[in-house]
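Student: Submitted below is the structure of interest, expressed as structure tokens.
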């Protein structure tokens, strides 16, 4: 699906702070056109003209979040196509006991196949 759609993201040149002695060494920084919260995503989904009412889209959106949270927090890894997520633990376990003050649960995200294909279909301007 991603290879059917072409994308463009704009960039702006900026000084490379790693090589301060070379003023001609530049990096490209993405130009943000904003951020999308749940309401914006749901509005965009509705605008796709799927024939679904906003309430239905919101219900599916919320249901997906609930299911993905449950899967992750019970030890499953999740692959949505956009991302692959898995749970890991941080901190040293002392006396074979989990200590929330010293230990934490983190979720690692990696780019999924669908998003990698979209990246390939993206030009930078």
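Student: Report yes if some residue within the stretch 26-36 is over 20 Å from residue 124 (Cα atoms) and out of contact with any strand residue (DSSP E or B) (no Cβ under 7 Å at 6 or more places or on another chain); otherwise report no.
Tutor: Among the residues of the stretch 26-36, at least one is over 20 Å from residue 124 (Cα atoms) and out of contact with any strand residue (DSSP E or B) (no Cβ under 7 Å at 6 or more places or on another chain), which makes the answer yes.
Student: Turning to a different aspect of this structure: For the stretch 53-93, which positions are in contact with a strand residue (DSSP E or B) (Cβ under 8 Å, 6 or more places away or on another chain), assigned to a helix (DSSP H, G or I) and farther than 18 Å from residue 112 by Cβ?
Tutor: 73
Student: Restricting attention to the stretch 1-32, which residues are part of a loop (DSSP other than H, G, I, E, B) and either closer than 24 Å to residue 81 by Cα or modelled with pLDDT of 95 or more (or both)?
Tutor: 1, 5, 6, 10, 31, 32
Student: For the stretch 4-38, how many residues are exposed (fewer than 10 other Cβ atoms within 10 Å of the Cβ) and under 19 Å from the mean Cα position of the chain (by Cα)?
Tutor: Residues that pass the stated criteria total 6.
The values are calculated or read from the model by the stated rules, or taken from the named source; none is laboratory data. What you are looking at is a predicted structure, and each value in this text was computed from that prediction instead of being measured. We place every Cβ from the backbone using ideal geometry, glycine too, and count neighbours over all the protein chains shown.
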